[in-house]
Amino acid sequence: MLQSAILLPVFAQVAFTFVLMMWMGVARVGAVNRRDVRLKDIALGQKNWGDKVTAISNSFSSQFELPVLFYAVVALLAVTGYTTGFQLMLAWAFVALRIVHVVIYCTTNNLRHRLGVFTLGAFVLMIMWAALALQVISGGV
């Protein structure tokens with residue numbers, strides 16, 4: 001049961017990434033349609049996008065940074081059979097913290113809050129890796 005359950009937070013993280021991608025597309029098209037930005041000014045990059053579009057774009061891009069380590073640890077948990085309830089709880093916590101991080105970034109962008117949530121998510125991920133390492137070293141659950 002836990003072996004397949006550990007994939008559910010991954011599905012949630014992937015779905016969240018796709019939602020961000022669609023949100024980014026809508027925001028970019030909207031900015032162009034409102035003439036907030038000209039196509040020739042963004043054809044080679046996003047430096048001329050407005051703050052809101054940039055925040056959404058950066059949030060989308062960040063889903064391919066720290067979450068890569070999340071995907072790797074979950075894959076290893078699934079194939080080794082070392083998934084525990086604790087690991088499952090940590091996986092859901094990581095996904096929730098990623099969502100909160102994006103909400104903060106794309107709304108208030110309070111750097112202190114954003115950094116705190118990012119750091120907590122990174123810490124949760126480190127614990128996942130450390131717990132897996134300990135399970136492997138000790139020979140199992």
**OP:** Determine which member of the set D41, D51 is under 22 Å from the mean Cα position of the chain (by Cα) and not polar (S, T, N, Q).
**Re:** D51
**OP:** Kindly establish whether V29 is over 25 Å from F118 (Cβ atoms) and outside any helix (DSSP H, G or I).
**Re:** no
Subject >> Top-ranked residue in the stretch 24-48 [being of a type in the set (A, V, I, L, M, F, W, C) and in contact with a Phe, Trp or Tyr (Cβ under 8 Å, 6 or more places away or on another chain); ranked as surrounded by the most Cβ atoms within 10 Å (Cβ to Cβ)] >> reply: M24
**OP:** Look at the stretch 82-141 and say how many of its residues are under 21 Å from V14 (Cα atoms) and of a type in the set (S, T, Y).
**Re:** 3
**OP:** Could you please give the count of residues in the stretch 49-65 that are modelled with pLDDT of 95 or more and either in a loop (DSSP other than H, G, I, E, B) or in contact with a Lys or Arg (Cβ under 8 Å, 6 or more places away or on another chain) (or both)?
**Re:** 2
Subject >> Filter pass, G140 being farther than 16 Å from L7 by Cβ, modelled with pLDDT under 95 and either surrounded by fewer than 15 Cβ atoms within 10 Å (Cβ to Cβ) or touching a Lys or Arg at 6+ places or on another chain (Cβ under 9 Å) (or both) >> reply: yes
Original post:
For R98, all conditions in the list (1) basic (K, R); (2) free of Cβ contacts under 8 Å to residues at least 60 places away in the same chain; (3) touching a helix residue (DSSP H, G or I) at 6+ places or on another chain (Cβ under 8 Å) hold save one; what is the number of the exception?
Top reply: (2)
Subject >> Filter pass, L115 being surrounded by 14 or more Cβ atoms within 10 Å (Cβ to Cβ) and not β-branched (V, I, T) >> reply: no
Original post:
Of the residues in the stretch 9-23, how many are in contact with a helix residue (DSSP H, G or I) (Cβ under 9 Å, 6 or more places away or on another chain) and either exposed (fewer than 11 other Cβ atoms within 10 Å of the Cβ) or touching a residue at least 24 places away in the same chain (Cβ under 8 Å) (or both)?
Top reply: 9
Original post:
How many residues are part of a helix (DSSP H, G or I), modelled with pLDDT under 90 and not acidic (D, E) if we restrict to the stretch 32-48?
Top reply: 3
**OP:** Confirm whether L69 is of a type in the set (A, V, I, L, M, F, W, C) and either buried (at least 17 other Cβ atoms within 10 Å of the Cβ) or not in a helix (DSSP H, G or I) (or both).
**Re:** no
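The values are calculated or read from the model by the stated rules, or taken from the named source; none is laboratory data. What you see is a predicted model; the values in this text were computed from it and never measured. Positions of Cβ are backbone-derived with ideal geometry, glycine not excepted, and every protein chain shown enters the neighbour counts.
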